[in-house]
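A short worksheet on the structure shown next.
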Amino acid sequence: MGVIRVTVRGHVAKYFPLEQERFDFPAERPLTALELLRALNVDPLLIMGVSVNGAKQPKDAVINLGDEVLFFSPPAGG
Amino acid sequence: MNGYAGNILRVNLTDRTHRILPLPESLVRDFIGGRGFVAKLMWDEIPPGADPLGPENKIIVAPGPLTGAFLPGAGKLEWGAKSPATGGYGDSNIGGHIAPEIKYAGFDAIIIEGQASEPVYLYINDFDIELRCASHLWGQGALQCETTLKAELGEEFQICTIGPAGENKVLFACISHDFGRQAGRTGIAAVMGSKNLKAMAVHGTKAIPLADPAETLEVGKQMFAACFAKPGFEEWTPQGTAGVTNWVNEVGAFPTRNFTSGFFPKYENINGEALVSRIKVTDKACYGCPIPCGKYSRVKKPAYDVYVEGPEYETIALIGGNTEIDNIEDVAYANYIQDELGLDSISGGNVVGFAMECFEKGIIQSDMIGGRILRFGSVDDFVWLSQEIAYRRGIGNILADGVKKASEVFGQGSERFAIQVKGLEWSGYEARHAPAMMLSYMTADVGAHHNRSWAITFDVATGRDKLEGKAKRVTELQHIRPLFDMLCLCRLQWVELGFELEWYPKIFRAVTGQKRSWDELLEFSERVWNLTRCYSLREIPGFGRSADYPPARFMEEPIPDGPTAGKYMPREVIDRLLDEYYAIRGWDQRGIPGAAKLHNVGLEFAEATIAPLRA
């Protein structure tokens, strides 16, 4: 068992568990960003982009235990 | 009054006089500032039934109580007038640096009335107020005019201008400032043009009284620090709003081919990555902004070499996808052309897309446009038609009145794909599979504009086929977002970074000395929302529910392709959304605020006007 460090940027944080911007997700194995979002009960379509350890990645990128994943909200215009 | 300069400037263009009047305490007490001042002054000052392009219409310009103070995003300015595009309530806000300058010059609002007999510009240097001859500026582009006035007056002046489109009273002309910031919506630049007012130049040196200067500085510092500490702070700025292009396409909401579709296959040629990698020169921020959304770009091709601020998302959507111009250089060039002409690129792209579809369907024929053709995807056709519109030449004279009025002239079913509400062209989100976003557009007080309620992520999060809760959320957002326009703050810190709303009552108290919770401030916003509804009810015969419907395309035509293929929003769904929305608002099923609602939100003065409409 390990954790994936999750950060959510912007307004969609309110759709994550406890409406948190930062939290650790306990995981038994590496997950793709899509799997992680589904485990969090968040529609992947809500997320505009994914960054893993500071590098932008597609939503099917694998996130290893101990990695830091950042989910981006879509910008909401003016 | 802390947070306020304490004065209103009234300028009469007809007799070339001005007066400096004390800011009424009741206006501050009940309407806060910015959009609140605009709405109340329009109600009080503009005679019912006024011709939007006549001398009796008035332009109201208002910063807010936090404008120019030390906090993130305190540089917004609200413009208002009876809209020549809709005939009802009109406002539009602008960023840049002119709002603080107006406050520093000593004014919380400017009322511009009458009509000049020849072109003038309004010169404001603290209390030195003049109407100066603008004959040498008339005919100049909006950007060119700003350059000219900067050279004449000095860099310390902040300047708003109109281009040829405003001069020619194009109903979607925009006010330009800071070489690329625009108050684009509802046609207020056409009102300026009708008054022979080419520009406004402002310089101010006065101080603004603060209730607690030390606390203002401390809270302001904390707010900036909190912004900088937000997750993903560094990632937002490079693309700005253009960064949403991929996502909107992914969810099937990207306006394409005059809103025929919500999916543009060539989006990667016009998205944020294309902007950054191919044309962006640098970021460009408004006053006090920690997250610059402005992108200053250069596009250089054999045929042109121009600098332009943008394109931001809305322009990418309406000039790019909606007219199928499929490369970022041409989108930016078309953006530059419309900026210089002084056209709102949201309505501008929408109108050109409408005309292209009219041509495809044979409603506009080649012999009506001098033997030319109008092709989706052609930047040459886009630029040509933009110029025809700005100068009201030929078919451009019809299109210059916007898609609603143009479709009434063209007929032949073109009203079905005139994508507008209340006469204002739809902005950058195709909403046939997004009921909250659809309702947002339908019920926005100025017409089909996204900035009153941006609810598409709410649709995605809560289910795009579900209707429950959508009207409630739209109502909430219609109070939250316009409150930013009353305080005259940029809302991007909140929507893009998730900046906590709890910060704003803290800084509001430090600046003004007024202790109000966020929820209490929202009550002011609801008051203004009802007042703008009353204003349009007063001004537009038959206004109400019938003005809140989307175009037939959205109710009857399934989206042909992309992630939302097959989706449309039948009239019965639209009606259910409206029924719920009116009930939540305390309006009757014709969309008229009830007497109890007007009383509850402190608009008793409007009851005598509205009561006969309920009969």
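Taking the criterion of being within 11 Å of chain A (Cβ to nearest Cβ) and either aromatic (Phe, Trp, Tyr) or within 20 Å of B:Ile94 (Cβ to Cβ) (or both), the residues of region B:486-507 that qualify are B:Cys490, B:Arg491, B:Leu492, B:Gln493, B:Trp494, B:Val495, B:Glu496, B:Phe499. For region A:39-48, indicate whether the set of residues that are in contact with an Asp or Glu (Cβ under 9 Å, 6 or more places away or on another chain) and assigned to a helix (DSSP H, G or I) is non-empty. Yes: region A:39-48 contains one or more residues that are in contact with an Asp or Glu (Cβ under 9 Å, 6 or more places away or on another chain) and assigned to a helix (DSSP H, G or I). For region A:1-34, filtered to residues that are open to solvent by 70 Å² or more (accessible area, probe 1.4 Å) and within 16 Å of A:Val62 (Cβ to Cβ), the residue that is nearest to the other protein chains (Cβ to nearest Cβ) is A:Arg5. Out of B:Gly544, B:Gly513, one residue alone is on the phi > 0 side of the Ramachandran plot and in contact with a Lys or Arg (Cβ under 7 Å, 6 or more places away or on another chain). It is B:Gly544.
Among the residues of this structure, A:Val69 does not count as one that is among the β-branched types (Val, Ile, Thr), without any contact (Cβ under 8 Å) to a residue 24 or more places away in the chain and over 18 Å from B:Trp247 (Cα atoms). The set of residues from region A:1-30 being farther than 25 Å from B:Gly243 by Cα and among the basic types (Lys, Arg) comprises just one member, A:Arg29.
Please indicate, with yes or no, whether at least one residue in region B:285-295 is more than 13 Å from chain A (Cβ to nearest Cβ), over 21 Å from B:Gly95 (Cβ atoms) and part of a loop (DSSP other than H, G, I, E, B). Among the residues of region B:285-295, not one is more than 13 Å from chain A (Cβ to nearest Cβ), over 21 Å from B:Gly95 (Cβ atoms) and part of a loop (DSSP other than H, G, I, E, B), which makes the answer no. The single condition among (1) farther than 15 Å from B:His97 by Cα; (2) surrounded by 24 or more Cβ atoms within 10 Å (Cβ to Cβ); (3) under 19 Å from the mean Cα position of the chain (by Cα); (4) not acidic (Asp, Glu) that B:Lys169 does not satisfy is (2).
Going by the structure shown, is B:Tyr296 open to solvent by 40 Å² or more (accessible area, probe 1.4 Å) and under 19 Å from the mean Cα position of the chain (by Cα)? No, not satisfied.
Only residues that are closer than 11 Å to B:Leu275 by Cα and either at the interface with chain A (Cβ under 7 Å from one of its Cβ atoms) or in contact with a His (Cβ under 8 Å, 6 or more places away or on another chain) (or both) were counted in region B:242-257, giving 1. Considering region B:497-615, the qualifying helices (runs of 4 or more DSSP H), each wholly inside and each with 1 or more residues that are open to solvent by 40 Å² or more (accessible area, probe 1.4 Å), in the same structural domain as B:Lys472 (by TED's automatic domain parsing) and among the β-branched types (Val, Ile, Thr), run over B:571-585, B:604-614. Put simply, of B:Pro100, B:Pro84, B:Pro63, B:Pro55 the only residue that is surrounded by 24 or more Cβ atoms within 10 Å (Cβ to Cβ) and out of contact with any helix residue (DSSP H, G or I) (no Cβ under 6 Å at 6 or more places or on another chain) is B:Pro100. Note on region A:35-71: among residues that are open to solvent by less than 10 Å² (accessible area, probe 1.4 Å) and of a type outside the set (Val, Ile, Thr), the one that is farthest from the other protein chains (Cβ to nearest Cβ) is A:Leu36. When only residues in region B:258-270 that are more than 19 Å from A:Pro74 (Cα to Cα) and open to solvent by less than 10 Å² (accessible area, probe 1.4 Å) count, which is farthest from the other protein chains (Cβ to nearest Cβ)? Once the filter is applied, the top-ranked residue is B:Asn258.
The values are calculated or read from the model by the stated rules, or taken from the named source; none is laboratory data. Since we're looking at a predicted model, the values are computed, not measured. Here the Cβ is made from the backbone with ideal geometry for all residues, glycine too, and neighbour counts use every protein chain on show. Surface areas here come from the heavy atoms of the whole protein model, side chains and all, with no ligands, DNA or RNA. Shrake-Rupley method; radii C 1.70, N 1.55, O 1.52, S 1.80 Å.
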